[in-house]
Structure formats: C-alpha cells, structure tokens
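Structure, as structure tokens:
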Amino acid sequence: MFAKPHDPTSDFSSEQTHIALWGPSNAGKDWLVSAFNKELDYYNRMDQGFHCEICELQPGEANPIPLAVTPPRRAPTPNFEDYNFQFRRIALVRDSAHQISAQTHDIIIHNDKGANLIDSLSDRITFENTFQTLVNAQNILLILGIPSDGSAMLFPTPPQNISTPLAEPDDFALARNEQDSSPAESQLGSFSQTRQADWSRSEYLKFMQLLFASLGPTPRRNLAVCLTKSDQVNYRGEPMQILQRRYGDALLRLLEVHRQYHKIEVFVTSAAGYIRQEGRLMPNFQSQNGLLHDERRWAPVNTAAPFFWIFEQIERERLQKGFVLFRGSNQKNYIPYPKSQSF
Amino acid sequence: MNRAGNLSTSAEMNITIWGPPQSGKQWMLWSFVRELELINQIYPDFRCEIFETYPGDDQLTPVRADPPLKPSVGKWRDFMWFFRRRPLKDDQAHHVSTFVHNMHISIVPGEEGIKSFFNLTEHEAVRSALARSRFVIAILDPTRLSSTGNKNGVEIDAIAMKKTTWNQEEYLKVVERLLETLATVRIQNRHVAFCISKMDQIAIREMDWLLLERLFGEQMVNLLKYYQSQFAIDVFAFSSFGGQLKEYLSDDAFDGNNWTVWNPINAVAPFFHFFQEIERTAIRQQSPFNVSNFIFNRQKMYVPYPKTNWTSTFAKENI
C-alpha cells in the first residue's frame, strides 16, 4: 500500500497540525528556529533515509520559501507578530517505513511584545485574551530564556534601556527588510534600542501557572519546554535538574503535577553552540553584540530535539487514526526522529 | 554508542562541592585531577583516568589539570566527568576492582551557598539542588578562623588574615544550616565529606577528627557526630597547593609555566572514599548465585584505593 512514491498531499501525513511556538522577548525564539534549520543540515548529511527542510510561508506566496541556513541578524520588535513555517520530512527511500514516516507540519511563531506580556500576567482573563492562540493550541513549544535573577549567567544581562547591544536578537521582524541589507552591524543600533528586559523567575512561574490554569486538564496537549541559551550558563545534567536550578523548585513541581494531564518534555538547548579556543570550550556567542564568534563553526546543540519530539507525538497520533487494519504495522514500521542530546 | 563510548558506567553520581567564598572549591577539584596525574606515576596497580563530555558531544576527552588561576566568578558550575580505574595487572582482584564512575560535579557559589541557608525564598534553587545531592563535599577553610591562631597555636599567614574571617561559632552555625538543609531531603546512603582545606598554611599535624576538633572546636565535632545517624560523615584534610606552590605563586618571577611544583596532597581522598563506597556496595549487591562470586570471594579480592598519610607527606615535603 505504501510502496508508491510519497505524495504529501495524498494521505494523513499532510494533515495541517499547528504547533504554537511562544516565548517572551529575548528568550531566543528566532535563534531556536534558525538553529533548528542549521541542525537539519547535519541530520540531512547523516541520515540517508530522509531529507528534512523548513520553509517560510508568506502571505500571497503560493510556494513555501526555504529558510536560509544563517543565524538571525535582526532586532527585536515592539509589535505583536506571527510567522508561519512549514517543516517537511521527505522520504528518500521508497519502502513503507520511510513512506509512513515522511510527514509535514505547520509551525506558527507568536512574537509578542515583552512589556505587554508582563501586564497580561495580572489575571487569568487578561492572560487568556493575550494568549488565545497559545491556549487553544494542541501542540505547544515554550521557549524559556535565562531568568534575569538567575544565578549562573556567565555574562550577566545589564538592566533595561541599555545603550550597548547585547544578547540574542529575538524576532523575525526585520527578516524581510534585511534580506538585501548587510549584516549585523547595521542592525545593532536598533537592536540596542528595542531590547526588552529578561523575565524573572517569578514571572516565568506566574506565566506557567496561568498557562496551565487556562489549558485545563483536557484535552491532553503536547508541551515541549525549551531552556534556551544554555551555553551562557554553567548548568549540566538532566533537563529537569537544570530546570530546577534555573527557575526553582516551584516550576519543577508545577511541571511534575501537570505531567499527569499533558505530555510534557523539557529540552536544554544552545542555539549558538560552542567552539574550542586554546583547548578550552567556550560559547560561540559574543554577548557584547549578540553575534556568533565564528559562523563557520556554528554547531547548535539540541535545538532540533524539541521540534522532533512534538513532530513524533503528532505523527504517532496520525498513524493511530489510519485505516484500522494497518494501525499496528504503521506504528511498528514508523521510524522515530533522532533522540535528544545530552547536556 | 553510549555516552561513555566503550566504558560501562555506574549510575550518575551527583557530587556537590560546597564551601564559604574562597575556601578553595575550584582548586580542590582541579587538584584532584592534578593529584591523579602524580599518583599514576607511582601507582603500580591501576591507572586513574578522567574524561569529560561536552554538551551535545558524546566524545570522551581526557581532562587535564588546569589550575584555576582566575578568581572565581561566584557562579554555579557543573562538570560532567567520567572516572575510570583501569587495571595494570591482569588478575582477578584487579578486574574485580575496575569501575567507571559517571560524575556530575557541581560547585556551589560560595556566597550564594551560604545565603541560601538564611534567605529561603531568594536562593531556593541553590539550596534545593544542594539538598538533593547524594555526595557532598563541604570545605572548611581554617585560614578564615579569626581566633584559631591565638586559641590553638595555629599559624595563619598574613595574606589569609587580610581576608574576611569567621569565628568558630559562626562556622558552627553555617555548618549546622548546611546539615539541616541536607536533612530536608531524605536520600539513602548519603555521604558528606568535610574537608579541611589549605593545610599547607596550617601548622597543626593531627589526623582528621582530631584536627577538626583542634581547629573548629569540640562543638563542631559533636554536631557532625550527631548527624552521623542520618548521613555517612567523614573528615579529611588536604592541601590543593602542596608544599611549594604558594611560595611560587606569590613570587613575581613566577612565569606560570612551571607547574611541576604543583603537588596537591590528599585532594583525592573524598573522591576515592566515595568511589570505594559505591564499588564495595556494588560488589556486595551482586548476586550470591553468580558463579564467579561463588568461586572467588569478590569482596575480599577488592583492591582499595590508596590512602595518603598527609601528615607524613607534609613532613617529607618540608625537609
């Protein structure tokens, strides 16, 4: 049945399942997506069975535009904006296992204005109005940056309204305008002016409490929690252990409680990755200007894992809905995505 | 391939190093690596090796002793290291005694580690991480004791005296808070090693508990003995510098390249103690129906880790 060439529009693999990706300003959303795209390069070289690609869906464009494999070079925006991407896992081998594992996903990135978001944490009704799309999403990718009161930052973040550019730029606002302009330096001025302050531990906790209250116990959601910028802190070990150290016991307990209602997985990521200099490992990231030290040695760590995990949850559910006689064999033949890397 | 390549590893071993600011936490860790290099030169039975992994990279890279010359940034630091005791003799006893330990070592920032005992909400993450650790190394710095020199005849050098000092009561209070914090989370077989640092700057030559009593007072000993009903508590003394390094470091002519004078003493002791506890337990727990267990008495065969009599080592160094 699956031996025919794969056509993503002809079967359940093309079902439009949206993934809502959200994080406060300066948490590293754009970097995560760009780094995911970069990591796909690596997996495409290693895996002869599939080719993975990510494209941007732009209004008025019939065909998705492949996303360039470059780090983001743009400034945060003060406005609310959504961006649409499409991920495709294309089978390069024509057997049933590869055919059923070749699927497509749409991803919506919600870019919000950081200051307004903090206001939205005041009560549940304001929260639900602000985060309507997020609360209604079945699949959620949450991006948690380094809290402003975290104790392990290698490069502490200066206070708000600083004049020097700093930290990972965080939205796609200037993406289109910038395609013909040059690089980073031209962006640094606006970057410094628009940078938002990082959220504190208590703000992250409040956000998560309101999110879970709004999600309710049903339906069961897929929730990938990404701890970004991990190259800028010294924590190593199990993801839940790192979460506890970054955000405290209360957030850890909150996730543990809600694991009985939702599928929740925590990922530790570094979009910038590391480089070795003089025998020492150091972040491939310049805190002074928010750029990579060496773009040629850009090797993000674990940024694909949260996306892969959500894709796999969705795909296994899709296969479960297939023709009843084939459900068992579909699940058995399904080829999982590469696993999360250790941090 | 698993994270450790071809090495079969034990479960992750969380070791947390706690101590007041500038008590020598980072120096202790790197002195452990340095001392292993020195031990390997004279240890006929085993070769002790340490590897590390980097985030997202499964390759094992040998860890080289790297003196932490830059002052600590006061931030939490994690290290993912693998320790292996590789046999150099091909007999049953040495093979029985061969283990790999998957160490997750955390250095608690000194100031925050102490503040976390007194400000329960602000530093809750640090306190909680400390409380969940099964293996704790608590460093006690005798050069910070304000009155030891007068009371016990301890000589503290001029450099150490310039820094902030604590008296015995203050030290006692902090250690009590540390033990209370550890007691908040029940962990089976928790080991706490109290390590008296900077022994190259102290003139007393006593062993472990007696040394603790002379430096930190009888009440400190009583406190630790009291908590022995909850944790396995041991006392060690060590010097990260050894006999000569301090002199070289304070010399303006020191060019930073001659590290042969870096000769730590007994920094390996708490680590070896932890490894030995884990290994003996693992051997004990192996099935009695295992054939090799039945034929060979593995527990008797086990080769313990070497121990340093640091008092005599110092005596030799000072000759």
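The values are calculated or read from the model by the stated rules, or taken from the named source; none is laboratory data. The shown structure was predicted, so the numbers you read here are calculated from the model rather than taken from an experiment. Glycine gets a Cβ as well: all are built from the backbone with ideal geometry, and neighbour counts include every protein chain shown.
Conditions (1) charged (D, E, K, R); (2) within 24 Å of B:GLU206 (Cβ to Cβ); (3) modelled with pLDDT of 85 or more, marked per residue:
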| site | (1), (2), (3) |
| --- | --- |
| B:GLU112 | yes, no, yes |
| B:LEU140 | no, yes, yes |
| B:THR143 | no, yes, yes |
| B:SER147 | no, yes, no |
| B:LYS151 | yes, yes, no |
| B:GLU155 | yes, yes, no |
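Could you look through segment A:285-337, keep only residues that are closer than 24 Å to A:VAL233 by Cα and in contact with a Gly (Cβ under 7 Å, 6 or more places away or on another chain), and pick out the one that is farthest from the other protein chains (Cβ to nearest Cβ)? Checked segment A:285-337; the qualifying residue farthest from the other protein chains (Cβ to nearest Cβ) is A:TRP298. Residue count for segment B:18-56 satisfying the condition of being touching a strand residue (DSSP E or B) at 6+ places or on another chain (Cβ under 8 Å), charged (D, E, K, R) and more than 30 Å from B:ARG177 (Cβ to Cβ): 5. Considering (1) within 11 Å of chain B (Cβ to nearest Cβ); (2) surrounded by fewer than 23 Cβ atoms within 10 Å (Cβ to Cβ); (3) touching a residue at least 24 places away in the same chain (Cβ under 8 Å); (4) assigned to a loop (DSSP other than H, G, I, E, B), the lone condition that A:PHE343 does not fulfil carries the number (2).
Please determine, by comparing only the residues of segment A:273-284 that are outside any strand (DSSP E or B) and without any contact (Cβ under 8 Å) to a residue 40 or more places away in the chain, which one is farthest from the other protein chains (Cβ to nearest Cβ). Full working, then the answer.
So the first thing to find is which residues in segment A:273-284 are outside any strand (DSSP E or B), and the list is A:278-279, A:284.
This time we only want the ones that are without any contact (Cβ under 8 Å) to a residue 40 or more places away in the chain, so: A:278-279.
Numbers: A:GLU278: 11, A:GLY279: 8 Å.
Residue satisfying both the conditions and the ranking: A:GLU278.
I'd like the full set of residues that are of a type in the set (S, T, N, Q) and within 22 Å of A:ALA304 (Cβ to Cβ), limited to segment A:219-263. Give the steps one after another, and end with the answer.
Within segment A:219-263, the first condition is being of a type in the set (S, T, N, Q), and the residues that meet it are A:222, A:228, A:230, A:232, A:234, A:241, A:244, A:260.
Scanning segment A:219-263 gives A:ASN222, A:THR228, A:SER230, A:GLN232, A:GLN241.
Going through (1) more than 13 Å from the chain's Cα centre (by Cα); (2) modelled with pLDDT of 95 or more one by one, B:THR16 falls short only on (1). When you check A:LEU57 against the structure, is it touching a residue at least 12 places away in the same chain (Cβ under 8 Å) and in contact with a helix residue (DSSP H, G or I) (Cβ under 8 Å, 6 or more places away or on another chain), yes or no? The answer is no for A:LEU57.
Please note which helices (runs of 4 or more DSSP H) are completely contained in segment B:226-319 and include at least 3 residues that are surrounded by 14 or more Cβ atoms within 10 Å (Cβ to Cβ) and modelled with pLDDT under 90. Break it down into steps so the answer makes sense when it comes.
Numbers: elements: B:245-249, B:269-285, B:291-295, B:298-301, B:310-318.
It comes to B:245-249, B:310-318.
If a residue has to be more than 11 Å from chain A (Cβ to nearest Cβ) and either touching a Pro at 6+ places or on another chain (Cβ under 8 Å) or at pLDDT 95 or above (or both) to count, how many in segment B:67-81 make the cut? Before the answer, list the steps.
Here is the first cut: in segment B:67-81, the residues more than 11 Å from chain A (Cβ to nearest Cβ) are B:67-72.
Checking the rest, the ones that are also either touching a Pro at 6+ places or on another chain (Cβ under 8 Å) or at pLDDT 95 or above (or both) come to B:72.
Residues flagged as more than 11 Å from chain A (Cβ to nearest Cβ) and either touching a Pro at 6+ places or on another chain (Cβ under 8 Å) or at pLDDT 95 or above (or both) within segment B:67-81 amount to 1.
Is it the case that some residue within segment B:181-201 is modelled with pLDDT under 95, surrounded by fewer than 19 Cβ atoms within 10 Å (Cβ to Cβ), under 21 Å from B:GLN22 (Cα atoms) and out of contact with any Phe, Trp or Tyr (no Cβ under 6 Å at 6 or more places or on another chain)? For segment B:181-201, residues modelled with pLDDT under 95, surrounded by fewer than 19 Cβ atoms within 10 Å (Cβ to Cβ), under 21 Å from B:GLN22 (Cα atoms) and out of contact with any Phe, Trp or Tyr (no Cβ under 6 Å at 6 or more places or on another chain): present.
For segment A:246-258, the criterion of being in contact (Cβ under 8 Å) with a residue 60 or more places away in the chain and either buried (at least 22 other Cβ atoms within 10 Å of the Cβ) or within 14 Å of chain B (Cβ to nearest Cβ) (or both) is satisfied by at least one residue. The single residue among B:ARG64, B:ARG86 that is surrounded by fewer than 16 Cβ atoms within 10 Å (Cβ to Cβ) and at the interface with chain A (Cβ under 10 Å from one of its Cβ atoms) turns out to be B:ARG64. The single condition among (1) at pLDDT below 85; (2) in a loop (DSSP other than H, G, I, E, B) that A:GLY328 does not satisfy is (2).
Okay, residues lined up against (1) away from chain B (no Cβ under 14 Å); (2) within 21 Å of the chain's Cα centre (by Cα); (3) buried (at least 18 other Cβ atoms within 10 Å of the Cβ); (4) modelled with pLDDT of 50 or more:
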site	(1), (2), (3), (4)
A:ILE143	yes, yes, yes, yes
A:SER151	no, no, yes, yes
A:PRO159	yes, no, no, no
A:SER163	yes, no, no, no
A:ASP171	yes, yes, yes, no
A:PHE207	yes, yes, yes, yes
A:VAL225	yes, yes, yes, yes
A:MET240	no, yes, no, yes
